[in-house]
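The values are calculated or read from the model by the stated rules, or taken from the named source; none is laboratory data. Worth saying up front: this structure is predicted, and the values here are computed from it rather than measured. Every residue, glycine as well, gets a Cβ built from its backbone with ideal geometry; the counts of neighbours run over all protein chains shown.
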Number of protein chains: 4
Amino acid sequence: MGMVGGGKDAFIGAIHRIAANMDGLIELVCGALSIHNDVAKESGKMLFLPEDRTYLNFEEMIHAEAKLPADQRMDFVTIVTPNFAHFAPAMLALENGFNVVIEKPITFTLDEAKQLKKKLDETGLMLLLTHTYSGYPMVKEAREIVKSGKLGKIRKIYVEYHQGWLSKLSEREGNAQAAWRTDPRRSGKSGCMGDIGTHAAHLAEYISGLKIKQMCASLNTVVEGRMLDDDGAILLRFEENATGVLTASQVAAGEENALKIRVYGENGGLEWAQQEPNTLTIRWSDKPAETLRAGSNYGDRESSYATSNCRTPGGHPEGYLEAFGNLYRNFILALSAKMNGEEPHKEWLDFPGVEDGIRGMAFIDNVVASNQSDKKWYDHVVE
Amino acid sequence: MGMVGGGKDAFIGAIHRIAANMDGLIELVCGALSIHNDVAKESGKMLFLPEDRTYLNFEEMIHAEAKLPADQRMDFVTIVTPNFAHFAPAMLALENGFNVVIEKPITFTLDEAKQLKKKLDETGLMLLLTHTYSGYPMVKEAREIVKSGKLGKIRKIYVEYHQGWLSKLSEREGNAQAAWRTDPRRSGKSGCMGDIGTHAAHLAEYISGLKIKQMCASLNTVVEGRMLDDDGAILLRFEENATGVLTASQVAAGEENALKIRVYGENGGLEWAQQEPNTLTIRWSDKPAETLRAGSNYGDRESSYATSNCRTPGGHPEGYLEAFGNLYRNFILALSAKMNGEEPHKEWLDFPGVEDGIRGMAFIDNVVASNQSDKKWYDHVVE
Amino acid sequence: MGMVGGGKDAFIGAIHRIAANMDGLIELVCGALSIHNDVAKESGKMLFLPEDRTYLNFEEMIHAEAKLPADQRMDFVTIVTPNFAHFAPAMLALENGFNVVIEKPITFTLDEAKQLKKKLDETGLMLLLTHTYSGYPMVKEAREIVKSGKLGKIRKIYVEYHQGWLSKLSEREGNAQAAWRTDPRRSGKSGCMGDIGTHAAHLAEYISGLKIKQMCASLNTVVEGRMLDDDGAILLRFEENATGVLTASQVAAGEENALKIRVYGENGGLEWAQQEPNTLTIRWSDKPAETLRAGSNYGDRESSYATSNCRTPGGHPEGYLEAFGNLYRNFILALSAKMNGEEPHKEWLDFPGVEDGIRGMAFIDNVVASNQSDKKWYDHVVE
Amino acid sequence: MGMVGGGKDAFIGAIHRIAANMDGLIELVCGALSIHNDVAKESGKMLFLPEDRTYLNFEEMIHAEAKLPADQRMDFVTIVTPNFAHFAPAMLALENGFNVVIEKPITFTLDEAKQLKKKLDETGLMLLLTHTYSGYPMVKEAREIVKSGKLGKIRKIYVEYHQGWLSKLSEREGNAQAAWRTDPRRSGKSGCMGDIGTHAAHLAEYISGLKIKQMCASLNTVVEGRMLDDDGAILLRFEENATGVLTASQVAAGEENALKIRVYGENGGLEWAQQEPNTLTIRWSDKPAETLRAGSNYGDRESSYATSNCRTPGGHPEGYLEAFGNLYRNFILALSAKMNGEEPHKEWLDFPGVEDGIRGMAFIDNVVASNQSDKKWYDHVVE
């Protein structure tokens, strides 16, 4: 693995390294860790990278690595820069034969995402988009339960993602995270909906298996002086007549990272909340509610997707880093299988990719357009 | 107390009697308990009513009671009939000098509600509208905390009321409750939003102290063959730039009576859920979350509205019936004070009345109109 | 109902009145509400008692009521005085043909309890001992689940009752409740174990259906200056080789009324906590945990004992007062059936009586003796 | 890091590797992973170990590594064999100048533990004993809160560790974990108390800062045919007149890994449960309960011990593996500092060591002796 961005003090870069590192299957071998040369060098040292593979920019890294013998060069590039700087390294990596991992949202514009898809189709390379929350075993279990039909036809989806960390104008108070995420030149045309609304939309579609068809969005910039939306709500219409509501806020003061989803069918509903991720509750119309627990051993009752994404037995809580690690593990296992000409397990192929990225970019575009429209319903066209 | 409706097998009539009875301050002295004579008589017997005060219709009851000496006749009439049959007995009671308790929604149409207000203004009589959930001590505490300013300016209100009991077409399977509540001739122009959406809207305004100004509603009739909405979601704009979302559903299969509200201000947010009503959670941006408990003794930290609406010390859970009882207790204490020419405690005056009823009827009208409109925003005009 | 004790400002007397009153089946007709004449009179007035049935002591009340015509006199006496003053009015009531309700513990000494039993056997009268917690529907459901054998043979019982209200020497600070409950002359030979340990022991035996056979008790007087135990723990051996632990504390600072029980069998375990009483959790070895909810309608899955002790549908929380009311309701329904020569429903006979009282008194005696013994195990002899 | 034991299919070896690997500070460089040569070799291959550092037994490994140049050989040995096989490799490692990590319990007998301590004192080498649960940030926060005196003098400690995985005679059904843990020749003189009771005792002393002085233990072998205790309860007397109760069970059917502790002082109590480890609840006598969350930023309100043991912001749950990783991280940071002649941060020195191991072995001895004694109290002598 080579890393673009993620120098010291970057939040998500460190997360990616722990996640990639967790299962002993992936090694960080090189990096272009910062656009500031001194930071890049210092970060490389802190991460025990050899000096000659501590690069000063992604072009240098990709070209140099491409010249190394196949068994020495990195197998894939992880891109953890701010959104506006995703596309260029990703495209260059693909052009030079490297697989790619990208922090979401996949690119700055929808068009860039489509270009990446085209290149992936041409090259047959692989891309992992780190929609972390789909890496949790109980999220996978939820999807499998929906798929099994036990809940009956899905009617209703509520998904919410509430944080409070932007309750003040932190971008003006030296918070680097806040600064780029609220800056349209670095983050894109939406703040809150781009940053966390996309996670919520992805989760809703991932679990329900239903695509959003129409939306009615209302975005707010609550904190005075902010440049992008920091809050919003969207009425949703899904395929097959299901409806839903998505709320996302970064000014829900006191909330940490409160992503929660509820999906109801004809016979019952399920609920999963990211902050207590090892529990999945299913409520039934005609019998007691059930609590499924990650790592538990219910025999046939638990899907292989849940069990293969746990490392420990029930009661030994796994969390955000393990969910992140699952994305990397499935990706590397699928990639290794492919490189070895073997058939990957179906569970290994269960990670978000470029299609999810395109839907996410279209979601941002359409939410912003819907918000600006006086008409109630706006078609969620993704093409 | 005299009761109109609420014969044997009626749900809400029994609840009203327990609530009224709870504190030993109110006695059921007469009733017109059913439009079926035999049910009326049998119900009267079961409730230990004297035969001569077991009336066969409300006109008979009100006229007969009005002729009794002041110290013998009922002090007020409780009306627990289906919605379409609220107005006539209420108006007749007021015309004959009786105070009134009405199960919500107050009337069948907004106009009827306004007529009641006019009559109340003329007569100086009192009316209690049983928006039960505002009777919970922790709801009152929530309102007081908002009012205190500790949370800062209110920015965001999420309120949800999810039930699953209409997940099937129960109105065709002999469920009498379901039958009238889904029948526009008896229930009104909205099903779910009229039945439970109004509770949610009332709670949001009650706790936040902010009025809804605009809405964007989308209603659904999920179960095929049903005549009214059984599900819906509304984007809300409140006074003072607060925004919110209200969701209500009676097809959230597996849910019981899941009314929950969250209110966020600049500094933190509060959360209250009806199914665990003795707890109020406050999350702060800069310090640990606090859990307030009904009946606890925190000295100055708990408002008199919370303490005066509890009967037992902390840890002895009070519930729905006690909340309902609080409405009756405050009403009868205020009424007694008035009848005795005394000054009521301010806590006694804290019960919903005709103004809340008018807002509720306008809410139903406007939600239905907003749902039918293609325009995103609809003004919530109440006049 | 006539009441002995329970004048204004008494805690448990007010609770008894609400509980008795709740279902409209019982009327307070007379009282000897205080040993202070003026308090007795004032309390009678507040409770709308006629002056001639506001008695100044229990002897006067019982003798006067006994002389009234059968259809006018009280049907039973409720005794809510401090423990030392239970026996005399109870015995006099029985001698004069009145049924009896007694707040637990039943008497001051084990011998008194046995005398009451003898008198009950002679007269055929009925006695209700208000072990409130066995009135909760989910406690009854727990008992039925154990009885059904679904959990397999019971192996382990943990029961705890933790309060914090005696964390300071409140009995010296004007707290009347604290004063009598920590005074051996009024409360008996144990404080904490007598007051709340007996509830815990009763609950354990009630749910498990197993009797305690041996104990190893260790009591503490944590707060300096206190005269009785305010904390303790007991290792337990039950019938059929089950073992358990009972902990009780009134110095668990910050706890309200935290009574909780867990019972494990070969196949799974159940958990019930008084502070969230409408939920019963069952964890299974080989399938997801189930959450049963009071008032829910699971068809055959819920026992008649649970359903007949609820007043409202699921999601309308019932609490402590309703549990207390269930004791009274079952008692009065059973009593009425008996007085009418009818067969009572089996559910009506499900209330604690004199046998429970005797076990409770023996429990107190044996716990105190075990605590004083250096030997590990002490036989819990009850004869 | 070199590893003794932990070949493929071993539970705890894999956990140690993930934990050690997590932060990119430790690399597995060699191993003697199994006593079966083929398993050892295959496991080495799976873990990417070079063939020449895949040893067939620990003696070979330690001697070979000792001969490598200082900058190439392993820095420490991790021992994850069954209990009976802890001492020999640990002692040999120390004798050859290697630091040691041992899975708890430290040794098979108390005497062995004391020998290790002697050798550590002589050599100045370091030892980490993986009492995992003390690695959780909220456990550290709990300890700091107790230490701060906010709760007042500690009075009461309840600690429980309940599992259900030995509810059946799994050791006869091919469960390798169950087989050695219930075998006195491999596990030691206690089963349940040795395996998990020691964790509970360690946690109680770690958080409260108080040592156990006396105990009254009762152990049970619930499942017929089992050779060691699978359940037990202990009354405890701590220093400074605090008392407590420890319960441990592996036959609490349906429970996963339910370790929970509650500590009460004069002013309030705290509660922490391993299965929801990111939350610490503090209940106060005179103000609302507080919920502290791992990773939150309360400024001065959170101790440096909590913050330095988190990797992610609040709301991104960390779990068991991260807690385990904290032990390794603190150990390696302290070790590196020492090797570099630098002063370690005080937070790095916060990991369990040989003293904890000795107390644990004495705990097992004394619990077994107390259980066999008819006397109520047994001194917990550790010398």
Could we say that D:Lys168 is among the charged types (D, E, K, R) and closer than 30 Å to C:Ser373 by Cα here? no
Of the conditions (1) surrounded by 24 or more Cβ atoms within 10 Å (Cβ to Cβ); (2) touching a strand residue (DSSP E or B) at 6+ places or on another chain (Cβ under 8 Å); (3) within 30 Å of B:Gln163 (Cβ to Cβ); (4) not β-branched (Val, Ile, Thr), A:Lys140 satisfies every one except a single condition; which number is it? (2)
The condition from (1) free of Cβ contacts under 8 Å to residues at least 60 places away in the same chain; (2) in a helix (DSSP H, G or I); (3) in contact with a helix residue (DSSP H, G or I) (Cβ under 8 Å, 6 or more places away or on another chain); (4) within 12 Å of chain A (Cβ to nearest Cβ) that D:Gly24 misses is numbered (2)
Hits in the range C:312-332 - residues which are assigned to a loop (DSSP other than H, G, I, E, B) and either touching a residue at least 60 places away in the same chain (Cβ under 8 Å) or within 12 Å of A:Lys287 (Cα to Cα) (or both): C:Glu318
Complete set of residues in the range A:30-55 that are of a type in the set (A, V, I, L, M), in contact with a Lys or Arg (Cβ under 9 Å, 6 or more places away or on another chain) and modelled with pLDDT of 95 or more: A:Leu33
Does the range B:61-71 contain at least one residue that is surrounded by fewer than 24 Cβ atoms within 10 Å (Cβ to Cβ) and under 30 Å from B:Ile261 (Cβ atoms)? no
Applying the selection to the range D:311-328, what residues are within 11 Å of chain A (Cβ to nearest Cβ) and either hydroxyl-bearing (Ser, Thr, Tyr) or farther than 20 Å from A:Thr312 by Cα (or both)? D:Thr312, D:Pro313, D:Gly314, D:Gly315, D:Tyr320
So is C:Gln163 within 21 Å of the chain's Cα centre (by Cα), over 30 Å from C:Lys338 (Cα atoms) and at pLDDT 95 or above or not? yes
Specify which of the listed residues (D:Glu276, D:Glu347, D:Glu302) is within 21 Å of the chain's Cα centre (by Cα), among the acidic types (Asp, Glu) and assigned by TED's automatic domain parsing to the domain that holds D:Leu151. D:Glu276
Among the residues of the range A:83-103 satisfying the criterion of being at pLDDT below 95 and within 29 Å of A:Asp71 (Cα to Cα), which is surrounded by the fewest Cβ atoms within 10 Å (Cβ to Cβ)? A:Ala85
Quick one: in the range B:292-316, which of the residues that are closer than 21 Å to B:Gly149 by Cβ and in contact with a strand residue (DSSP E or B) (Cβ under 9 Å, 6 or more places away or on another chain) is surrounded by the most Cβ atoms within 10 Å (Cβ to Cβ)? B:Ala306
Of all residues in the range A:264-294, which are more than 22 Å from C:Asn278 (Cα to Cα) and within 10 Å of chain B (Cβ to nearest Cβ)? A:Tyr264, A:Gly265, A:Glu266, A:Asn267
For the structure I just gave you, tell me whether C:Asp38 is without any contact (Cβ under 8 Å) to a residue 12 or more places away in the chain, of a type in the set (Asp, Glu) and not in a helix (DSSP H, G or I). no
Can you name every residue in the range B:21-42 that is of a type in the set (Gly, Ala, Ser) and closer than 19 Å to B:His86 by Cβ? B:Gly31, B:Ala32, B:Ser34, B:Ala40
Quick check, is D:Glu205 under 20 Å from the mean Cα position of the chain (by Cα) and assigned to a helix (DSSP H, G or I)? yes
Out of curiosity, is A:Glu266 in contact (Cβ under 8 Å) with a residue 24 or more places away in the chain and out of contact with any Leu (no Cβ under 9 Å at 6 or more places or on another chain)? no
Can you find, within the range B:10-52, the residue that is surrounded by the most Cβ atoms within 10 Å (Cβ to Cβ) among those that are closer than 21 Å to C:Ile26 by Cα and of a type in the set (Asp, Glu)? B:Asp23
Go through the range D:41-97 and count every residue that is more than 14 Å from every other protein chain (Cβ to nearest Cβ) and in a helix (DSSP H, G or I). 27
Among residues belonging to the range D:338-371 that are in contact (Cβ under 8 Å) with a residue 24 or more places away in the chain and among the acidic types (Asp, Glu), point out the one that is surrounded by the most Cβ atoms within 10 Å (Cβ to Cβ). D:Asp356
So, restricting to helices (runs of 4 or more DSSP H) that lie completely within the range B:133-197, which ones have at least 3 residues that are in contact (Cβ under 8 Å) with a residue 12 or more places away in the chain, out of contact with any Asp or Glu (no Cβ under 8 Å at 6 or more places or on another chain) and within 12 Å of chain A (Cβ to nearest Cβ)? none
Matching option when the condition is touching a Cys at 6+ places or on another chain (Cβ under 8 Å), more than 10 Å from every other protein chain (Cβ to nearest Cβ) and farther than 24 Å from A:Leu270 by Cβ, among B:Leu228, B:Leu210, B:Leu235: B:Leu228
Test A:Lys260 against the criterion of being under 30 Å from B:Leu219 (Cα atoms), away from chain D (no Cβ under 14 Å) and not hydroxyl-bearing (Ser, Thr, Tyr), and give yes or no. no
D:Gly325: buried (at least 24 other Cβ atoms within 10 Å of the Cβ), under 13 Å from the mean Cα position of the chain (by Cα) and of a type in the set (Gly, Ala, Ser), yes or no? yes
Name the residue, out of B:Asp71, B:Asp121, B:Asp111, that is outside the structural domain of B:Trp180 (by TED's automatic domain parsing) and modelled with pLDDT under 95. B:Asp71
Just a yes or no: is a residue in the range C:113-125 among the basic types (Lys, Arg), touching a strand residue (DSSP E or B) at 6+ places or on another chain (Cβ under 9 Å) and over 30 Å from C:Leu292 (Cα atoms)? yes
Among the residues of the range A:5-21, which ones are closer than 11 Å to D:Arg311 by Cβ, more than 7 Å from every other protein chain (Cβ to nearest Cβ) and free of Cβ contacts under 8 Å to residues at least 40 places away in the same chain? A:Ala14
Among the residues listed as A:Ala337, A:Ala306, the single one being more than 13 Å from chain D (Cβ to nearest Cβ) and modelled with pLDDT of 95 or more: A:Ala337
Just wondering, is there one or more residues in the range C:263-270 that are surrounded by 20 or more Cβ atoms within 10 Å (Cβ to Cβ), closer than 22 Å to D:Gly244 by Cβ and assigned by TED's automatic domain parsing to the domain that holds C:Lys168? yes
